[in-house]
Amino acid sequence: MSGALIPVHPIEPLAGAVQVAPAPTPETRLVDTFDRPLHDLRLSVTDRCNFRCVYCMPKEVFGKDFAFMPRDEMLSFEEMTRLARISVAHGVEKIRLTGGEPLLRKGLEELIEMLAALRTPAGRPVDIALTTNGSGLSLKAQALKDAGLKRVTVSLDSLDDATFRAMNDVNFPVARILAGLEAAHAVGLGPIKINMVVKRGQNDQDIVNMARHFKGTPYILRFIEFMDVGTSNGWDMGAVLPSSEVRDRIHAELPLEEMAPNYTGETSRRWRYQDGGGEIGLISSVTQSFCNTCSRARVSTDGKLFTCLFASEGHDLRELLRNGSSDEEISAAMGAVWRQRTDRASQLRSAQTGAVRSPGGKRIEMSYIGG
Ligand code: SAM
Ligand code: SF4
Ligand code: SF4
């Protein structure tokens, strides 16, 4: 990975608590081969999780003997912040902490504090968000807010306790997630989004219940199509309930109308209740690709840079972080990867199976790359 001939932003030395990234010039504006900018960074802070969601970390694969990442292979908070600072100089304005379950990473608040000190070239704070299964939110919401977290997205696949316990597969009750949501709302970690992965035959009977429950509340419910990420979740097209069907089922009981997107490249299509009861989101990751506007990079817990959820290999940034490379060298390496990016895996789904054919046939698991 070398980018010696590619112009890079000089990275400013640390100046006090707040770190402002230099403004890009036309020469340093970073876009990939399809002219997509780098806007969004997902940092996976752990590959571990206290849930075993059937569509993500099924027990049969992620059992007692599963070898999770050793501690010394994980990036430290300082290393993550350094990559984040370099990414912000490249145009990143949004950082999402994910995993695994990010709240399992000890001292996560310290990382949030460090990220909250970053400033975009325009001098704005970076938008810092967190995706969590919500199991630890009741305890941690206040500390996360105090550290500078702006908002959370909470995964919740059903309000029916038996269905939810079966989907998280560790017998975790719905009531504790609802308590976590309330705690997050009470400290102002909003707007709070709720992610429901819809698996046909498992929780699709709960779609309208979920919509009804969260209608008229401050929470924005989003329905995600079950995706073929990784190789362990037993995905098949038959278990995917297309977003269009989700919309039709809700619309039949609670009439909806489409809304304009918040910004170009928004992965979620927005629909609102005609009676003013708020909005929902539909994320059609399988049936309607959004590769055209995908501006997301992911960094795994061990410091590999992935430019697509379906990439088979990442680019090792940890080696550069630990071998004495300068910020400029790391910046050049990241820039070179992004400039060469050609990913559009979802757009290239197989017409026969609906599945993505990953390069080299290898697939990275969602819990490792960060959802
Ligand atoms: N543990 C956290 C959580 O569950 O919110 C963060 C990591 S999780 C991998 C991030 C998101 O990916 C969650 O909303 C989860 O529901 C979603 N996800 C995981 N596997 C998926 C799959 N096969 N298809 C669609 N979404 C999936
Ligand atoms: Fe854990 Fe999140 Fe994956 Fe569920 S979706 S197993 S909570 S990482
Ligand atoms: Fe982005 Fe890859 Fe998903 Fe397409 S398939 S939207 S390029 S992550």
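The values are calculated or read from the model by the stated rules, or taken from the named source; none is laboratory data. All figures in this text were calculated on a predicted structure; none of them were measured in a lab. Here the Cβ positions follow ideal geometry from the backbone for every residue, glycine too, while neighbour counts run over all protein chains shown.
Things to note:
- Residues satisfying the stated conditions in segment 258-289, i.e. within 16 Å of ligand 2 (Cβ to nearest atom) and either assigned to a strand (DSSP E or B) or farther than 24 Å from Met237 by Cβ (or both): Ile283
- Single match in Arg298, Arg269 (criterion: closer than 17 Å to Asp32 by Cβ, within 16 Å of ligand 1 (Cβ to nearest atom) and basic (Lys, Arg)): Arg298
- Scan of segment 31-69 for residues that are away from ligand 3 (no atom under 16 Å from the Cβ) and within 22 Å of Asp127 (Cβ to Cβ), ordered by number: Val45, Thr46
Residue-wise test of (1) without any contact (Cβ under 8 Å) to a residue 24 or more places away in the chain; (2) away from ligand 1 (no atom under 16 Å from the Cβ).
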{"position": "Phe66", "(1), (2)": "yes, no"}
{"position": "Ser76", "(1), (2)": "yes, yes"}
{"position": "Glu93", "(1), (2)": "no, yes"}
{"position": "Leu103", "(1), (2)": "no, no"}
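- Checked against the criterion of being part of a loop (DSSP other than H, G, I, E, B), touching a Gly at 6+ places or on another chain (Cβ under 7 Å) and more than 16 Å from ligand 2 (Cβ to nearest atom), segment 85-95 has at least one qualifying residue.
- Residues in segment 173-208 that are under 27 Å from Gly238 (Cβ atoms) and either of a type in the set (Phe, Trp, Tyr) or within 16 Å of ligand 2 (Cβ to nearest atom) (or both): Val174, Ile194, Asn195, Met196, Val197, Val198, Lys199, Gln202, Asn203.
- Long-range neighbours under 6 Å by Cβ, at least six apart or interchain, first residue within 16 Å of ligand 3 (Cβ to nearest atom) within segment 196-207, second outside any helix (DSSP H, G or I): Val197/Tyr55; Val197/Asp157; Val197/Ile224; Val197/Phe226
- Among the numbered conditions (1) away from ligand 2 (no atom under 16 Å from the Cβ); (2) among the β-branched types (Val, Ile, Thr); (3) closer than 14 Å to Leu144 by Cα, the only one that Thr131 does not meet is (1).
- Residue, nearest to ligand 3 (Cβ to nearest atom), within segment 278-314, restricted to residues that are over 19 Å from Ser268 (Cα atoms) and surrounded by fewer than 19 Cβ atoms within 10 Å (Cβ to Cβ): Ser312
- Selection within segment 250-289 - in contact with a Lys or Arg (Cβ under 8 Å, 6 or more places away or on another chain) and among the β-branched types (Val, Ile, Thr): Ile280, Ile283, Val286
- Residue list for segment 74-129, restricted to those being polar (S, T, N, Q) and within 19 Å of the chain's Cα centre (by Cα): Thr81, Ser87, Thr98
- Counted residues, segment 160-193 - those being out of contact with any Pro (no Cβ under 8 Å at 6 or more places or on another chain) and within 20 Å of Arg52 (Cβ to Cβ): 15
- Selection from segment 337-365 of residues that are of a type in the set (Val, Ile, Thr) and either at pLDDT 85 or above or within 16 Å of ligand 2 (Cβ to nearest atom) (or both): Val337, Thr342, Ile364
- Selection within segment 301-334 - among the polar types (S, T, N, Q), under 15 Å from Val229 (Cα atoms) and touching a strand residue (DSSP E or B) at 6+ places or on another chain (Cβ under 7 Å): Thr307
- Restricting segment 199-228 to residues that are within 11 Å of ligand 1 (Cβ to nearest atom) and within 17 Å of the chain's Cα centre (by Cα), the residue that is modelled with the lowest pLDDT: Asp228
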